[in-house]
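Undergrad: Here you go, one structure.
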Amino acid sequence: MTFSMKRRTLFAAGAAGILAAPGLWGGGAMAEVSTDSGAPSGAGPFRTLRLGSFKITVISDGKRASGNPHETFGTDQPAEMVAALLTENFLPTGAFVNGFSPTLVDTGSELVLFDTGFGEGGRAAGVGQLAQGIRAAGYTPEQVSVVVITHMHGDHIGGLMEGGKPAFANARYVTGEIEFDFWRDTARVGTPAENGHNTVLEKVVPLAEKTTFIADGAEVVPGISAIAAFGHSPGHMIYRLESEGQALILTADTANHYVLSLQRPDWEVRFDMDKAAAAAARKNVFDMVATDRLPFVGYHMPFPAIGFVERKDTGYRFVPVSYQFDI
């Protein structure tokens, strides 16, 4: 199938930065591997697909069960309304499961990793499985040439360091300048963002000399460009992948639940730092995805975190990937 895309300007354009490095991949078949099919111990499942000449591998960093969904999603709505939407979609009302899915993109000349999961700090809780997943998919962390951080919440940057050293020893880094400047600022001390500030000081700041700081519209490597989608965090970015006329969007945390965030994009989410801007970004991004009938990878969508959306009522319905990339 061909998923073509016309670039839509969602937010104001910014500076562009272009990066380049040596080649890695010469081909391979599509595959889906789980922990019971020969993957190393501790590795979660992964799903590989082709997008033009790109090989895209979505890797599970793990998943985590949480309590009352209304404490996170639809916090500005009556609890009964949130429960009713969950029930309508055959979901329990008293708990939910959240997945975490970094994405590896092999362009043929670059191996680009988007986000790094929880890392060593999450393994006792069953997450932090990215490094093992990379190996299960046939790569090593040392082969990663570019690490892109969509935003600097802990479940995206926790895997940047391992034992006090860079977990991706040969990589350079790309992230949004607005995001980095916000989190490293000492103005965060004494605010609810202080823990995030401290995590950035530990995980991101030591890598700053190897980091390119970008804005909306920047090219990471040929075929991969940034789109500002602020709100979930001050400098939250999503990414457009395009190869041989096919396109896919990495939506990061624009939507954090496949029902509650997509079917009701206006509902407030606890972890959205600017709730009005986050809701506007959800509608802008998924209106574009729906209009252009594009596949997307959402960091917190049900694994393998790949799908489509169609318009439904005041929001969107998630359509998980099946065999679209297999033929």
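Undergrad: Rounded, prolate or oblate: pick one for segment 174-327, where a ≥ b ≥ c are the square roots of the eigenvalues of its C-alpha gyration tensor, a/c under 1.5 means rounded, and failing that, prolate if a/b is larger than b/c, else oblate.
TA: Numbers: a/c = 2.24, a/b = 1.41, b/c = 1.59.
Here segment 174-327 falls in the oblate category.
Undergrad: Which ordering of Ile59, Ile149 is given by a fewest-first count of other beta-carbon atoms within 10 Å?
TA: Values: Ile59 30, Ile149 26.
Lowest to highest Cβ neighbour count: Ile149, Ile59.
Undergrad: Same structure again: Can you give the % of DSSP beta bridges in segment 93-167 that are antiparallel, to the nearest 5? Mind dumping the intermediate values first?
TA: On the way: 6 of 9 bridges.
Taking every DSSP beta bridge within segment 93-167, about 65 percent pair in antiparallel fashion.
Undergrad: Which whole-Hz ³J(HN,Hα) couplings does segment 135-141 yield from phi under the Karplus relation 6.51 cos²θ - 1.76 cosθ + 1.60, θ = phi - 60°, glycine and proline marked x?
TA: 5, 4, 7, x, 10, 10, x
Undergrad: Identify which of the listed values of Cα extents along the principal axes in Å was calculated from the structure shown: (i) 54, 54, 39; (ii) 97, 50, 41; (iii) 53, 52, 43.
TA: (iii)
Undergrad: Only Lys, Arg, Asp and Glu count, each charged at its Cβ (+1, +1, -1, -1), so figure out the dipole size of the chain about its Cα centre, rounded to 20 debye.
TA: Details: 26 positive and 35 negative charges, 89 e Å.
With only Lys, Arg, Asp and Glu charged at Cβ, the dipole is about 420 debye.
Undergrad: Holding the Cα-Cα limit at 20 Å, pick out from Lys203/Lys275; Lys165/Lys203; Lys63/Lys275 the pairs that are longer than that. Working shown, then result.
TA: Values: Lys203/Lys275 26 Å; Lys165/Lys203 9 Å; Lys63/Lys275 25 Å.
The answer is Lys203/Lys275; Lys63/Lys275.
Undergrad: Here's something else I'd like to know. How far is it, in nm, from the label point at Lys210 to the one at Asp274 when both lie 7 Å from their Cα along the line to the Cβ?
TA: The modelled label-to-label distance comes out at 3.1 nm.
Undergrad: Would you work out which of Thr291, Ala280, Thr191 lies farthest towards the positive end of the dipole of segment 32-320? Charges go on Cβ: Lys and Arg +1, Asp and Glu -1.
TA: After comparing all options, I get Thr291.
Undergrad: A follow-up question, please. Under 5 Å between amide hydrogens, which residues at least 5 positions from Arg172 or on another chain qualify, with H placed 1.01 Å from N in the peptide plane?
TA: Amide H to amide H, under 5 Å and 5 or more residues apart or across chains, Arg172 pairs with Val146, Val147.
Undergrad: Let me ask something else. Listing Ile157, Ile327 from the residue with the fewest other Cβ atoms within 10 Å to the one with the most, what is the order? Before the final figure, lay out each step's value.
TA: Working: Ile157 27, Ile327 5.
So the ranking, lowest neighbour count to highest, is Ile327, Ile157.
Undergrad: Tell me, Leu113, Leu85 in order of fewest to most beta-carbon neighbours within 10 Å? Don't skip to the end; give the middle numbers.
TA: On the way: Leu113 27, Leu85 20.
In increasing order of surrounding Cβ atoms, one gets Leu85, Leu113.
Undergrad: Under the rule of at least 5 residues apart or a separate chain, name every residue whose amide H is placed under 5 Å from the amide H of Val220.
TA: So Val220 has HN proximity to Ser225, Ala226.
Undergrad: With θ taken as phi - 60° and the coefficients 6.51, -1.76 and 1.60, list the Karplus ³J(HN,Hα) couplings across segment 259-264 in order, rounded to whole Hz; mark glycine and proline as x.
TA: 10, 5, 8, 8, 6, 10
Undergrad: Take the Cβ-Cβ distance between Arg311 and Glu80 as r, set R0 to 30 Å, and report the resulting FRET efficiency rounded to the nearest 0.05.
TA: Numbers: r = 25 Å, r/R0 = 0.84.
Computed FRET efficiency for Arg311 and Glu80 comes out at 0.75.
Undergrad: Follow-up. Test of understanding: what is the full-extension gain from Asp287 to Ser53, defined as 0.36 nm times their sequence separation minus their Cα-Cα distance? Walk me through the numbers on the way to the answer.
TA: Values: separation 234, 0.36 × 234 = 84.24 nm, distance 2.65 nm.
Extending this stretch completely gives an extra 81.6 nm.
Undergrad: Among DSSP bridges having both ends in the chain, what percentage is antiparallel? Round to the nearest 5.
TA: Values: 44 of 58 bridges.
Once the DSSP bridges in the chain are tallied, antiparallel ones form about 75 percent.
Undergrad: Sticking with the crude label model, points 7 Å out along Cα→Cβ, report the distance from Glu71 to Tyr323 in nm, one decimal please.
TA: Distance between label points: 4.3 nm.
Undergrad: So what is the 222 nm mean residue ellipticity for the chain from helices alone, if each DSSP H run of at least 4 adds -39500 (n - 2.57) and you divide by all residues, rounding to the nearest 500 deg cm²/dmol? The partial results should precede the final answer.
TA: Details: 6 runs with 56 residues, N = 327.
Using -39500 (n - 2.57) per qualifying helix, the result is -5000 deg cm²/dmol.
Undergrad: Then there is this: What residue among Leu201, Leu241, Leu49 shows peak mean-square fluctuation when the chain is described by a Gaussian network model with Cα springs under 10 Å?
TA: Leu201
No value in this document is a laboratory result; all are computed from the given coordinates. The structure displayed is predicted, hence computed values, not measured ones. No Cβ is skipped: glycine too gets one built from the backbone with ideal geometry, and neighbour counts run over all protein chains shown.
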